[in-house]
Amino acid sequence: MRIPKSITLEAYIRQLIRENRIIEFYKSEDWLELRSDVLEEFHNECQECLKCGKVTKAECVHHVNHVKDKPALALSRKYTDKHGNEKYNLVPLCNACHNMQHPEKGGAKKDKFLNQERW
């Protein structure tokens, strides 16, 4: 499925969010093609792990500007920050690093132990 050209990307995504159907964006041919291109561009390597000198396979592509916050940038590889600097909006990450980017979803929780013995 392609994203409809009859409305703006922003309007389309806002509609999906209102209807709790944002998953349709992530299943669209437009997103899947872009996602594949971004992963290939970065050699399928997690960009956060690389900062620590570790090579890890990227399993997802993270939106620096979250789709719900900036729907107009959902298919943008780059964006310009408030200082006029061009930055990557889509960044390949492993699942662990992606979870750390989303503390609102509990991804950055540390010291979560199953019992008093911490196992």
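Brief remarks follow.
- Scan of region 23-36 for residues that are in contact (Cβ under 8 Å) with a residue 24 or more places away in the chain and over 22 Å from residue 78 (Cβ atoms), ordered by number: 27
- Count - residues of region 43-75 that are surrounded by 16 or more Cβ atoms within 10 Å (Cβ to Cβ) and small (Gly, Ala, Ser): 2
- Elements of type strands (runs of 3 or more DSSP E) in region 1-108, at least 2 residues being under 13 Å from the mean Cα position of the chain (by Cα) and not basic (Lys, Arg): 60-63, 90-93
Bear in mind these aren't lab numbers, they're just calculated from the coordinates by the rules spelled out. Note that this is a predicted model, so its numbers are computed, not measured. Positions of Cβ are generated from backbone atoms using ideal geometry, with glycine treated the same way; all protein chains shown enter the neighbour counts.
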